[in-house]
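The values are calculated or read from the model by the stated rules, or taken from the named source; none is laboratory data. Predicted, not measured: the structure shown is a model, and the values here were computed from it. All Cβ positions, even for glycine, are placed from backbone atoms using ideal geometry, and neighbour counts span all protein chains on display. Quick note on the areas: whole protein, heavy atoms, side chains included, nothing else; ligands and nucleic acids left out. Shrake-Rupley method; radii C 1.70, N 1.55, O 1.52, S 1.80 Å.
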Amino acid sequence: GALLVSERIDREELCGALSPCSLSFEIVVENPLELYSGAVEIQDINDNDPVFPSSQARLEISESVVAGARFPLESAQDPDVGINSLQTYQLSANPHFALDVQTRVDGSKYAELVLEKELDREEQRELHLVLTALDGGSPPRSAHVQIHIDVVDANDNAPVFNQSTYKASVRENTPSGTLVAKISAYDLDDGPNGDIVYSFSSHTPAKVRELFTLDSATGELRVKGHLDYEETKLYEIYLQAKDKGAVPGVAHCKVLVEVVDVNDNAPEVTVTSVYSPVPEDAAPGTVVALLSVTDLDSHDNGSPPLSAVKHILVQVSDVNDNAPKSSQDSYDVYVLENNVPGIPILNVSATDPDLGRNALLSYTLLQGDPTVGHIFSINQENGTLYLLTSLDHEDQVEFSMMVRVQDGGSPPLATNVSVSVFVTDINDNAPTVLYPHPNTTATYTDVVAPGTPAGHMVTKVVAVDADAGYNAWISYTLLQATDSSLFSVGLHSGEIFTARQLREDDAPQHTLVILLKDHGEPVLSASATVSISVAEMVKEVLTDLADVAPANDHRKHVTFYLILAVILVSAAFFITMLSVGIFKCYKWRQSKELFNSSRSTLYRTPGPFHHIDAVRGGFTPPNFYHQVYLTTDSRQSDLLCKKPFTSSPLGSRQSTMRNGEPGLYHQIVGTASRLPTPAE
């Protein structure tokens with residue numbers, strides 16, 4: 001079990017600048033079978049000297065440069081890491097310059113000359129300095145570079161960058177030539193002294209120059225080589241701008257380029273061992289295979305994700321442990337009414353993941369409702385549901401049933417599927433006229449006074465349609481009239497209005513034929529005949545009615561008694577209403593006096609009537625609710641009918657009218673819209 005070194009280890013060759021440097025391995029132990037992961041960390045020793053790119057460096061510095069100016073120097077490189085890497089720089093003693101050692105984001109060091117005492121070309125034309133790079137080893141290793149400084153006459157104005165630090169981010173798979181950042185500097189001088197040339201600073205590492213390129217004229221920094229997030233996550237690039245003067249002015253800036261990781265490494269799956277076959281009823285926790293997975297990228301779930309596939313063949317023996325499973329827990333089927341018997345309307349689909357007889361399925365229709373078995377049938381082998389009879393939407397709208405799907409195992413397993421069949425309406429019912437009643441010998445005549453203005457509602461045609469939805473939406477049009485210019489009918493309401501003011505020369509009797517059409521396809525229609533009499537008062541109407549009656553002495557007496565009864569009823573009604581009004585005024589005066597005498601009790605007089613509740617009359621069925629709403633003009637009265645449950649506003653109105661008592665409806669409409677006939 002001893003782990004030995006088989007050859008000489010060079011940490012710099014294996015890992016480069018990465019720290020810590022580790023080598024991973026896996027160990028398989030048998031009997032019992034176990035998998036262990038291990039790692040060996042390669043520790044660094046100080047076996048490399050710092051190295052400068054060149055043994056000499058030359059600088060040209062104008063004598064006009066003020067104290068505090070900085071001049072970057074070439075950086076030394078040390079392949080060691082940690083304390084053994086490059087730690088500091090030292091500068092030979094001189095009266096003009098000091099050394100400032102800076103640290104990059106990645107921990108590396110670089111040095112800058114800082115002018116402490118201004119130069120004087122007439123006093124000293126050149127300076128010779130020695131820069132020493134030291135690592136942190138014990139003993140430390142070092143490297144030297146000779147720095148030759150020429151003191152020259154320089155420009156009055158040096159270039160100036162818009163910002164000292166630029167930041168950019170670029171994906172590691174960015175193609176060559178992609179723009180990373182654009183630096184910009186300006187120089188106040190004219191001519192060549194104001195022309196700026198961009199370049200890398202002298203201490204920019206060679207690796208950075210291989211990966212990035214800088215346009216000397218535009219300052220555009222672009223990708224040149226292949227960036228790898230797994231190798232370097234951040235690049236600190238130092239750039240400079242020089243003018244073209246005899247003694248060029250120099251400005252420096254820094255560009256921080258963050259490399260964004262992309263999912264360019266797929267997971268690596270290693271299969272150590274596979275055990276097969278495995279029984280289907282094996283206990284949870286049974287070992288099937290030993291796997292290990294690694295991915296060199298950062299974080300999780302790349303976009304788009306990369307994957308690795310390892311195929312492991314595991315043979316499993318089957319038992320009947322799966323019930324049939326339907327693709328849907330429930331089905332909703334819509335069938336047009338008046339269908340052809342024997343048509344298929346649904347295929348119940350189910351699957352069973354078992355094998356052989358355990359996956360052989362049969363379909364049966366559960367007989368919850370006895371009528372379902374007479375109307376529907378299902379194929380036991382393929383689950384096709386058939387409709388045996390023709391359906392009628394007006395008879396029954398919905399059928400509910402259960403289908404059992406059972407496999408052939410022992411014991412068998414089964415699943416129940418809910419099926420709802422909805423009968424869709426077609427336009428097979430024409431509108432039915434409720435008022436005026438088409439199948440009666442009695443004559444209903446509506447009365448309108450001469451001189452009635454335009455827009456006055458005379459009467460209303462009421463009809464229903466046994467269909468639903470748009471098939472039951474009725475429209476009313478005037479098909480025929482004694483005088484077509486005198487009356488108009490509401491398209492959707494059936495209300496008949498005066499189209500113009502009645503004149504004295506208009507005919508006294510008018511017969512209107514109203515065409516009623518639904519909105520189905522095809523359109524079905526019906527017609528209603530309305531009689532309207534133009535009369536000044538009740539006496540004229542009764543006279544007209546008497547004229548058309550047969551000449552019989554007995555009927556004349558009956559007509560006289562009916563007229564007398566109408567007059568008496570009208571007089572009683574007037575006296576009753578006058579009494580109610582006097583009583584209300586009396587109550588109002590009492591409440592007012594009570595309020596004036598004691599302000600501790602607030603009393604508010606009742607407002608005018610807005611509607612009269614005609615419910616609880618005792619003569620309507622319990623499921624029929626009706627109200628009569630009366631406005632100040634009784635001719636504008638209308639009837640509102642409601643049921644406890646309706647499927648739609650239109651269907652509610654039609655169903656309610658359909659279930660109401662025709663006699664009651666005619667009585668209310670007659671009271672609100674016309675005078676009673678002698679027969680009534």
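Quick notes on this structure:
- The strands (runs of 3 or more DSSP E) falling completely within the range 1-106 that include 1 or more residues that are within 30 Å of V274 (Cβ to Cβ) map to 21-29, 34-42.
- Index of the failed condition, D49 passing every other in (1) within 25 Å of L4 (Cα to Cα); (2) in contact (Cβ under 8 Å) with a residue 60 or more places away in the chain; (3) surrounded by 15 or more Cβ atoms within 10 Å (Cβ to Cβ); (4) not polar (S, T, N, Q): (1)
- In the condition set (1) of a type outside the set (S, T, Y); (2) modelled with pLDDT under 90; (3) in contact with a Ser or Thr (Cβ under 9 Å, 6 or more places away or on another chain); (4) under 26 Å from L434 (Cα atoms), L515 is compliant with all but (2).
- Test for Q124: is it open to solvent by 50 Å² or more (accessible area, probe 1.4 Å) and either in contact with a helix residue (DSSP H, G or I) (Cβ under 6 Å, 6 or more places away or on another chain) or over 30 Å from N46 (Cβ atoms) (or both): yes
- If you filter the range 274-327 down to residues that are of a type in the set (S, T, N, Q) and free of Cβ contacts under 8 Å to residues at least 12 places away in the same chain, you find that the one that is surrounded by the fewest Cβ atoms within 10 Å (Cβ to Cβ) is N301.
- Residue selected from the range 393-408 under the condition outside any strand (DSSP E or B) and modelled with pLDDT of 90 or more, by the criterion most open to solvent (accessible area, probe 1.4 Å): G408
- Whichever residue in the range 466-482 is assigned to a loop (DSSP other than H, G, I, E, B) and not hydroxyl-bearing (S, T, Y) and, among such residues, is farthest from P431 (Cα to Cα): A468
- Look at the range 164-189: where a residue is within 19 Å of P248 (Cβ to Cβ) and a partner is surrounded by fewer than 15 Cβ atoms within 10 Å (Cβ to Cβ) and polar (S, T, N, Q), sitting 6+ places away or on another chain with Cβ atoms under 6 Å, you get S184/N162.
- Considering S527, S485, the condition of being assigned by the TED database to the domain that holds D446, at pLDDT below 90, in a loop (DSSP other than H, G, I, E, B) and of a type in the set (S, T, Y) is satisfied by S485 alone.
- Where D428 falls short, out of the listed (1) open to solvent by 50 Å² or more (accessible area, probe 1.4 Å); (2) without any contact (Cβ under 8 Å) to a residue 60 or more places away in the chain; (3) not basic (K, R): (2)
- Flag for A111 being out of contact with any strand residue (DSSP E or B) (no Cβ under 6 Å at 6 or more places or on another chain) and under 18 Å from A143 (Cα atoms): no
- Of the set (1) among the polar types (S, T, N, Q); (2) over 30 Å from P159 (Cβ atoms); (3) in contact with a strand residue (DSSP E or B) (Cβ under 8 Å, 6 or more places away or on another chain), all apply to S55 but (2).
- Scanning the range 179-195 for residues that are open to solvent by 40 Å² or more (accessible area, probe 1.4 Å) and either closer than 11 Å to A241 by Cβ or not acidic (D, E) (or both) gives L179, K182, S184, Y186, L188, G191, P192, N193, D195.
- Scanning the range 326-371 for residues that are among the hydrophobic types (A, V, I, L, M, F, W, C), assigned to a strand (DSSP E or B) and either in contact with a Phe, Trp or Tyr (Cβ under 9 Å, 6 or more places away or on another chain) or not assigned by the TED database to the domain that holds D407 (or both) yields a total of 7.
- Only listed residue being modelled with pLDDT of 85 or more and touching a Lys or Arg at 6+ places or on another chain (Cβ under 9 Å), chosen from T270, T286: T270
- Residues of the range 127-152 that are open to solvent by 40 Å² or more (accessible area, probe 1.4 Å), free of Cβ contacts under 8 Å to residues at least 60 places away in the same chain and assigned to a strand (DSSP E or B): H128, V130.
- Neighbours by Cβ (under 6 Å, 6+ apart or cross-chain): first from the range 343-369, over 18 Å from F422 (Cα atoms); second of a type in the set (D, E, K, R) and open to solvent by 60 Å² or more (accessible area, probe 1.4 Å): T351/K325; T364/R404; L366/R404
- Test: residue in the range 196-217 that is touching a helix residue (DSSP H, G or I) at 6+ places or on another chain (Cβ under 9 Å), buried (at least 17 other Cβ atoms within 10 Å of the Cβ) and of a type outside the set (D, E, K, R): yes
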